[in-house]
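The values are calculated or read from the model by the stated rules, or taken from the named source; none is laboratory data. On a predicted model such as this, the values are computed, not experimentally measured, just so you know. FYI the Cβ positions are ideal-geometry reconstructions off the backbone, even for glycines, and counts take in every protein chain you see. Calculation scope for accessible area: heavy atoms of the full protein, side chains included, ligands and nucleic acids excluded. Shrake-Rupley method; radii C 1.70, N 1.55, O 1.52, S 1.80 Å.
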Amino acid sequence: MEFNFNVNFNNFQKQEVMGSKIFIFDNFYLEPYKLLKYITIHKSFFHKSGVNGSFNGVKFFDKRHKIPVSNIYKDVYFKLENIVNQKILYPNEICTNFFKFKDSNFNVCRDYYWYPHLDEGYTGIIYLNDDCVSTTNLYEPNSNLSVQQIYSRHEHVEPWVSKDMWKNIFSIKGNFNRLVIFDAKKFWHGMDLSDFFNERWRKNQVIFFQQ
């Protein structure tokens, strides 16, 4: 099954957070439900499987798709590269992030944030939940922890970090079929899981850029 990746670049706006541009495209796909169907006919896999002590598949499901792209979609990537002035990290793939809790008691988001992390450049997230608003938080650490100390804990072994250690500086509202691109190398970021997804997947397409 080949999907015709028709997208809409017209509903475009920019915001600034701490001097950094955030690019927002509403109603990005012309046929988002067909895109979802196209994604889900492909087999997903557990993200970072095989890690000793991992709770992925035990307390929660953190899964990915990597789907070869068509030449049509490469044109979309090219336009996005020109907007953020960075190259796509995985130019031959459509990547996703599908997440849900298996054990609702493992969701302790009242007092903790889910694994703040950095990426290699800008990151684009296309939000694909039509029954709620997904949120991505941008953080800065309240403590003097080094990057090495933060990454000493694995995201599937110790994913939760105390809110006392981090300041939530901005929350990206992920309306259905919205593409948001932000500087994920500048901003620590992570999923705001709140009380969502005990019975449903948090569904995103992700586009990683590199400086």
| message | Rounded, prolate or oblate, given the Cα gyration tensor of segment 86-148, with a/c below 1.5 counting as rounded? | response | oblate
| remark: Diffing segment 14-28: the Karplus 3J(HN,Hα) column from phi (6.51, -1.76, 1.60, θ = phi - 60°), in whole Hz with x for Gly and Pro, holds 10, 10, 10, 10, 6, x, 10, 7, 10, 9, 10, 10, 8, 6, 5
| said: Among [x] 20.1; [y] 17.8; [z] 18.8, only one was calculated for this model; which label is it, if the read-out is Kirkwood radius over Cα pairs in Å? | reply: [y]
| message | What does the charge count around His156 come to, taking other residues whose C-beta lies under 15 Å from its C-beta (Lys +1, Arg +1, Asp -1, Glu -1)? | response | +3
| remark: To the nearest 10 degrees, the tilt of helix 71-84 (Cα long axis) against the first principal axis of the alpha carbons of the chain is 60
| query | Just going by the charge dipole of segment 3-89, with Lys and Arg at +1 and Asp and Glu at -1 on Cβ, which of Asn52, Phe25, Leu80 is farthest out on the positive end? | reply | Asn52
| Net dipole in debye of the chain [+1 Lys, Arg Cβ; -1 Asp, Glu Cβ; about Cα centre; nearest 20] | 280
| remark: The pairs in Lys21/Lys63; Lys173/Lys203; Lys59/Lys167; Lys87/Lys185; Lys100/Lys185; Lys21/Lys87 lying past 19 Å Cα-Cα in this model are Lys21/Lys63; Lys59/Lys167; Lys100/Lys185
| Taking a probe of 1.4 angstrom, what is the accessible area of Trp160 in Å², to the nearest 10? | 30
| Ignoring ligands and nucleic acids, what accessible area does Glu140 show with a 1.4 Å probe (Å², nearest 10)? | 60
| Out of segment 1-92, which chymotrypsin sites (Phe, Trp or Tyr not before Pro) are coil in DSSP terms and have no more than 16 other C-beta atoms within 10 Å? | Phe9
